[in-house]
């Protein structure tokens with residue numbers, strides 16, 4: 001009789017181990033090929049920014065072609081991420097300063113279970129730049145974004161000029177934006 005609980009515990013452990021890659025977003029290589037471009041090596045600086053089509057928080061489909069010919073910063077973030085929360089007020093300030101120069105800032109939210117928190121978070125932080133709901137295919141296309149925040153600086157020519165992984169203070173962010181203008 002003592003062997004049955006041990007057997008069940010072993011089965012549960014194996015199920016957990018088997019489910020972990022699926023939970024973390026892993027997919028077989030053959031499925032990745034159908035969903036979009038392969039991840040960029042070396043963070044993607046110097047390469048063309050991958051195209052995307054994502055929904056904004058109102059449900060409208062927004063294509064990256066809308067930003068063609070403009071300097072754009074793409075920031076992958078989540079509302080539950082402390083460094084993301086810390087950098088957003090600086091992003092708002094810089095965006096408001098340079099948006100009249102054609103500068104675009106797009107936040108791609110990787111909130112999955114916490115999507116419901118997003119509207120209040122945006123209002124509380126006075127975020128006026130475009131926020132899109134991210135997905136695994138877009139994160140993979142941008143080099144397999146696995147750390148947030150991750151910020152891509154894209155020139156008017158569509159080439160990724162710089163990639164910054166982790167917290168970005170306002171002064172550094174503004175310097176990078178000015179290089180794009």
- Pick out, from the stretch 116-181, the strands (runs of 3 or more DSSP E) lying fully within it that include 3 or more residues that are buried (at least 21 other Cβ atoms within 10 Å of the Cβ). 150-154
- Item | Single condition residue 143 does not satisfy, out of (1) over 21 Å from residue 66 (Cβ atoms); (2) modelled with pLDDT of 95 or more | (2)
- Message: Whether any residue in the stretch 88-95 is modelled with pLDDT of 95 or more, assigned to a helix (DSSP H, G or I), in contact with a helix residue (DSSP H, G or I) (Cβ under 7 Å, 6 or more places away or on another chain) and farther than 24 Å from residue 66 by Cα is what I want to check.
- Response: yes
- Task: Keeping to the stretch 54-71, report how many residues are farther than 16 Å from residue 151 by Cα and under 16 Å from the mean Cα position of the chain (by Cα).
- Result: 6
- Query: Conditions: (1) surrounded by 13 or more Cβ atoms within 10 Å (Cβ to Cβ); (2) modelled with pLDDT under 95; (3) over 26 Å from residue 157 (Cα atoms). Residue 45 meets all but one. Number of the miss?
  - Reply: (3)
- Taking the stretch 72-88, which residues are surrounded by fewer than 19 Cβ atoms within 10 Å (Cβ to Cβ), over 14 Å from residue 150 (Cβ atoms) and touching a residue at least 60 places away in the same chain (Cβ under 8 Å)? 86
- Task: Identify, by number, the condition in (1) assigned to a helix (DSSP H, G or I); (2) surrounded by fewer than 17 Cβ atoms within 10 Å (Cβ to Cβ); (3) modelled with pLDDT under 95 that residue 113 doesn't meet.
- Result: (1)
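The values are calculated or read from the model by the stated rules, or taken from the named source; none is laboratory data. These numbers were taken from a predicted model, which means no experiment stands behind them. With ideal geometry, Cβ positions are generated from the backbone for all residues, glycine too; neighbour counts draw on all protein chains shown.
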